[in-house]
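Before any comments, here is the structure.
FYI, it's all coordinate maths here, none of it is from the lab. The model shown is predicted, which means the values in this text are computed figures rather than measured ones. Here the Cβ positions follow ideal geometry from the backbone for every residue, glycine too, while neighbour counts run over all protein chains shown.
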Amino acid sequence: MAAMPAKPVPSVGPAEMQAMVARAGLTLNPGQMADLVLAWRQLAGLIATIPRDRPLADDQAYVFRLPPPAPEPQPTPRPTRKPARKRARTTR
């Protein structure tokens, strides 16, 4: 099912891309800059095909429900021990 773009994608020219790259502090050669402009245009075209007219409830994250976590087992209380009595020393 092909989705129609919701709005036209603004194109980015090489001069605008050079300004964004310079603001990011990158240094690219002309070939890399041309590849980046092309990739930007392709990515913007793909983003434009994402349907935006669907209700939020259609998102799978809102449909899939996880069961609540199991309660942690309570530690069993240890029986209290009476203090040991000291033994009398025996000599041999």
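Full extension of the chain between Met20 and Arg65 yields a length gain of 12.1 nm, computed as 0.36 nm times the residue separation minus the alpha carbon distance. The trypsin sites (Lys or Arg not before Pro) of the range 39-81 meeting both criteria, a DSSP state outside H, G, I, E and B (loop) and at most 15 other C-beta atoms within 10 angstrom of the site's C-beta, are Arg52, Arg65, Arg81.
So if each residue of separation counts as 0.36 nm, and I subtract the Cα-Cα distance between Ala39 and Ala88, what length gain in nm does that give?
8.8 nm
Using 0.36 nm per residue and subtracting the Cα-Cα separation, the extra length available between Arg78 and Thr49 on full extension is 4.1 nm.
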